[in-house]
Structure formats: C-alpha cells, structure tokens
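Everything on this sheet refers to the single structure shown next.
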Amino acid sequence: MQTLLHEVMAHLPMLAVLLPSLTAVVLLLLGDHGGDSHGGHGHHRLLWSRRIALASVLLGLLMAALLVQQAATGELTVYRVGDWPAPYGIVLVVDRLSAMMLLLTSMVAVPVLWYATGGWDSHGRHFHALFQFQLMGLNGAFVTGDLFNLFVFFEVLLIASYVLMAHGHGRVRFRVGLHYVVLNLVASALFLIGVALLYAKTGTLNFADLAVRVPGVTGPDAALLQAGALLLLVVFGFKAALVPLSMWLPATYAAASAPVAALFAIMTKVGVYGIIRLHGVVFGADAGPSVFLVAPLLLPLALATCVVGVLGALAARTLERLVAWLTVASVGTVLVAVGLFTDAAWGAALYYMANSTLVVAGMFLLAELVAAQRGDAGARLEPASPVSQPVLLGLMMLLAGASAAGLPPLPGFIGKLMLLEASSAHTWQPAVWTVVLGVGFLSLIGLARAGSILFWHVRDEVPGTAAGASPKLIGATTALLAATVAMSVFAAPISAYTAAAARQLVDRESYARAVLGPQGIQTNTTRPYRFAPAVPAAPAAAPVAQEAGR
Amino acid sequence: MISMEFLVASGIGFVVACGIYLLLRGRSFTVVLGLSLLGYAVNVFIFAMGRLWSGAPPILEGAGPFADPLPQALVLTAIVIGFATTGFVIELALRSHHENGTDQVDGIEPGEDGEDRDEAERGPGR
C-alpha cells in the first residue's frame, strides 16, 4: 500500500494529464445521451456520465492539492516522460506556479461541472467528454516543460474549446464560433513560426535549456531569435486578450453558454502563464542581448488593456458582455503586474490572477442565473420584470462585484494593493496607480449601474419567471464566490505562496539544475544540425537519466 | 545561380502572402483555403528551420553530415493537428452557413442592413 502510494505520488504530474484524458475516453465509450434526457437508456447514460465526470474532477482537485502541498516545500518535481534525459525527451515540471495553476483549474472545474449537470450538459452532444479534454489540455499546458509540447496542449485545449463554444447551438454561437476558430488557427500558425525560429537559433525547445542558451545568442542571430519570441508574445497576448488582440473575447465569451464561459475564464490565464514562462523567465533577466525583451511593450499594452476592458464594461448592454469586458480588464491588471518584472509584482500578479479567475467564473454563472429569472429581457441591461430571488441573487452580485472591482476586504482589493505596493520606485508608477485605481472605480460604476437596473429598476407589470433557480445552480455559483472569500481569509498563506512562486520562477539556475541534471548546465551551443566532432549524439551520450519524479 | 535557400524562402513567403490575402476575404470558403495555405507554408518553414540538406540522413550513424531530425518530427505533429483543425473548421463553416443562411463570415450578406446585429448583441435566444 505504501509503495503504491509512493508510486502514485511519483507519477502525479503525468496523472494530472492522464486522468482527464482517460475519463474523456471512458465517457466517449459510454456514449452520448442522444437527446434523450428524460427516462430511457439515454437518460441513464447521462446520469452515469455526470457521476464519472464529477468523480474525475474531484479526484483531479485532490491530486492538484497534493501537488501544491509538494511544491510548497520548494521542491521542483521533474517527470521525464519515457525516462529520456532532459533536453532530448519531453519533461513535465511542477514548480509552485504550475501546481498553483493546476489547483486553480480544478477549483474552477469542479463548481462549473456541478453547475453544468443542472441541465446544460444535455443541451448538446458529448459535453462531459469535451470538458475533460479541455481540462487535459489545460493541465498539460501548465505542467509541461517543453515549448513544442506546450503548443500541442494548446491545440488540445483549443480543439475542445471550439466544440464547447458551439455547445447548445444557436446561430450566434456558430457565427461567433467561426470567428473564434479562425482567429485561433491563425494564432496557432504564428505559434509554430515562433517556435521554429526559437529552435533554429538555439537548437532546443526545452524551457530550462532555452534559458541556458538564449543569453549566448548574439548579433544577427539574436534579432531573429527575438523576432520569434515577439511572435510568441502575439500568440500568448491573443490568448490572454492583451490589447489590441482582445476584441474577439467579449463576443465569444458572451455568446458561449454559461458553464463554458466560466471554464473559459481559465483559458485567458494560459496566455498569461505562457508570457510569464517564456518572456518573463527565458527572455527576462540575464538573457544576454535579449534581456527583458518584452518589458517596453508589455506594460503599456497591459495598461491599455485595463482601460479598454473597463470602458467596454461601462458600455455593455448585456450582463454577459459586462462580465466578459471585466475579464479583459482583470487580465490587463494581471499583465500590468507581470510587466513590472519584479518578484513582488509577480507575487501580486499570481495572487490577483487566482482571485480574478474565480470571480469571473462565478460571475458568468451568476449572469445566467439572473438572466433566467427576467423573462424575455434575459441578460439585457434594461428595466424588466423583477427576479424571483432578489435578495439571494442581489447579495451574490454584490459580493462578486465588490471583489471584481477590488473593494476591501475582498481579495481583489488585497491583490491590487500588493500590485500598487510592488510598483513603487518603478518609472511607470504614476501610470500604474492611475490606471489600476481608475479601473477599480469605473468597474464599480459599471457594476453598480448593472445591479441597480437588474434588481431595483424593475417593472412589476411585466411577467417574469416565477420559479427560482435550483439549489444545485445556486450552490455551484456560491461555491465559486465562497472560494474568493476564502482567498481573502487565507490571504497571508496564499500570498506567501505566490511570492515564493515568483521567487522560484526567477531562480533560473536551480530550475536548470533540476531539469537538465548537474551536467546539463554548460553553455553548450553545439546544435544538432551543425556537423562537428562534438555533436551531442544519441541520448545515450547524455547524463544518465535520473528516475522519474525524484 | 539562385540558391536553394532563396527559392524556398521566397516560396514560403509567396504562399503566406496568398494565405493572408484569402484569410481577409469575406466568405468562409476562401477563409478556409487561406488557413490551409498558411498551414502549408508554416509546415515548410518548420522543416526549413532544420536547415536545407540534400542527401543527409537524419540518423546519427556513420559519418556526417546529418540532417536535423527534430524539425521533421515537429512538422509531422503540426501536419496532423493542421489536418484535424481544417476538417473541423470546414464542418463549422457549413453549420454556420446552414444556421445563418449565408456563407459570409459575419453571417450577414453585404447590402443587408444590420438588423441581425442587434439580435446578436442580446445573446442566444433564451
């Protein structure tokens, strides 16, 4: 038993990817409900799909918590797939940031899936299997230590998201979905060009190895390398909705069904994660001629993202669009912190990112709960019939809005405070303070306007929907909002963890030592394609593989 | 004598230019064609990043020179993914055509007024 547990612990990074993928296969084998959601075989299949999917995400949550516990000690878990030594084989690396992102994904996935079992999963085909594939892509993107592997997991999560986007059908979803797919395919093409340029100039795609080799690339080679890295900024910026690449997000997220939009809240964070990993670490400090490559671009663009996001929120005509624009503003705030390029700011960025993901996911679910009770008006921000549960939904809206706008004592406030503190002594400090505080104030106005229209400015004569939301839907939404409150209660340990995660990120040497092994740290620029006597030949010539997971 | 590198590079550039031109068209079919062309150009680009060799084996056995095997492996993955996504986007374009009654990517025939747009703003029918 003890050895079995030990084995499981050793393979946790891989299991985090395998569990959703195997669950998805089982769900596909089990089959679809086939439109038969009331009685009959299809109904049984749907019930079993729900049970299996829920059990799987709960197990995923447990595994993510174990990984966070393991990473909190500062240990880097390196899992060599197929036991190939590092720069040659693919490695999965779990550091504090990866573990935290895995936990965040699970914390969003569990309530969202629970919410979806309230009926959305029967409005289209194979919802549960696609949801699991999406989780597989997300988890894989967060644990991989290889740039091309990151591309592959990006594609996995994107392909799942293309289908989930159209889940529930409807002409708007297909039209917006087509835009979303085409734009993402173009982004994927740019991703490949960027990856190929990086490979051409460094001869490696392993993050640790890249960090070792990038400083050695100089002269005209460095220009091409930087072009590749900047192309990747376009790709990650597109995913993260960085202005001017954010215009697709509001329409897409507002058109998606509520649980899908809530799950997509984590997808923008994949872009942020990519920027931190590649542009923050590999092209960060000590990168030789490419040092702080994106610093002059990232901060102004991120500030612009905040402004555009909040202006969009003020102009939004539906509650879903309002939340979608607030997503853009929150990503902008996270990227402002990332763009400051200090440990303290990154700690703030990670804390704020965790909170804003949970809040935004909760608000997408809440938007649908409110819309469902307003009769024909739906989520439109105009006077209509009163909702049937004004106190409950109003309080939830107040809590979510206060956290999104950053009112004390909620975690949005703590995150922004950490960010403002971290920006002191930076040349852009006045701009950062103005934008972050202004965005908080304007989001408050936008949310207050929405809230007063939805809950106070009602027309009693218009018939509404009498039935309240089912306890399951309320419970799932509350769970997400409660998680943000918990982030405020446990702010001290969580912010200590994120600060440690930020420090671990910039410690490139221990990362390289853990991934490449003691002999791996040599600025060996021999590339495989240049025939020379010192070609690093077959993997056998490389340092002896350490056992996986140690 | 034009070098191989020049030919391949300008060929990739030309295909990318065609792909981008088609991508910016208004009908979904040309957009799909543009995506395919872009995908082909990217595949050749990845392949060329291992440098252009002729008659060099990608296996390290015997005397060199050797071609770099990694871009060849990468390009296979990229081809498979590109194939799958192209298939999907064609299916999606067909569904969008079916639902919206037009193959314009915005779902509105040019010349028609934007009445649909307001409906779209309100979100999917509840």
Karplus-derived 3J(HN,Hα), 6.51/-1.76/1.60, for each residue of region B:15-30, Hz, glycine and proline x
5, 4, 4, 4, x, 5, 4, 5, 4, 8, 6, x, 9, 5, 5, 5
Counting only C-alpha contacts under 8 Å and six or more residues apart, can you give the relative contact order of region A:45-127 as a whole percent?
34 percent
If each part is reduced to its alpha-carbon centroid, region A:150-215 and region A:438-512 end up apart, in Å, by 28 Å
Inter-centroid distance (Cα atoms) of region A:284-298 relative to region B:1-43, Å:
31 Å
Suppose every Lys and Arg Cβ carries +1 and every Asp and Glu Cβ carries -1, with no other charges. What dipole size does the protein assembly as shown come out with about its Cα centre, to the nearest 20 debye?
480 debye
May I ask you to list the trypsin sites (Lys or Arg not before Pro) in region A:270-358 that are in a DSSP loop and have at most 16 other Cβ atoms within 10 Å of their Cβ?
A:ARG317
Select from region A:379-477 those trypsin sites (Lys or Arg not before Pro) which occupy a DSSP coil region and have at most 13 other Cβ atoms within 10 Å, ordered by residue number.
A:ARG459
Positive-end extreme of charge dipole, chain A - chosen from A:LEU225, A:PHE283, A:TYR79 (charges on Cβ):
A:LEU225
Please tell me the relative contact order of region A:239-322 in percent, rounded to the nearest whole number, where contacts are Cα pairs under 8 Å and at least six residues apart.
36 percent
Within region B:29-100, GluC sites (Glu not before Pro) in DSSP loop having at most 10 other beta-carbon neighbours inside 10 Å:
B:GLU61
Using θ = phi - 60° and Karplus 6.51 cos²θ - 1.76 cosθ + 1.60, couplings along region A:281-288 (whole Hz; Gly, Pro as x)
9, 5, 9, x, 5, 6, 9, x
Rel. contact order, % - alpha carbon contacts under 8 angstrom, at least six apart, region B:7-121
22 percent
Axial C-alpha extent at least 27 Å, average Kyte-Doolittle at least 1.0 - helices from chain A (DSSP)
A:96-116, A:171-202, A:219-240, A:295-315, A:319-339, A:343-372, A:429-455
What whole-number distance in Å separates the alpha-carbon centres of region A:93-115 and region A:338-393?
18 Å
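Bear in mind these aren't lab numbers, they're just calculated from the coordinates by the rules spelled out. These numbers were taken from a predicted model, which means no experiment stands behind them. All Cβ positions, even for glycine, are placed from backbone atoms using ideal geometry, and neighbour counts span all protein chains on display.
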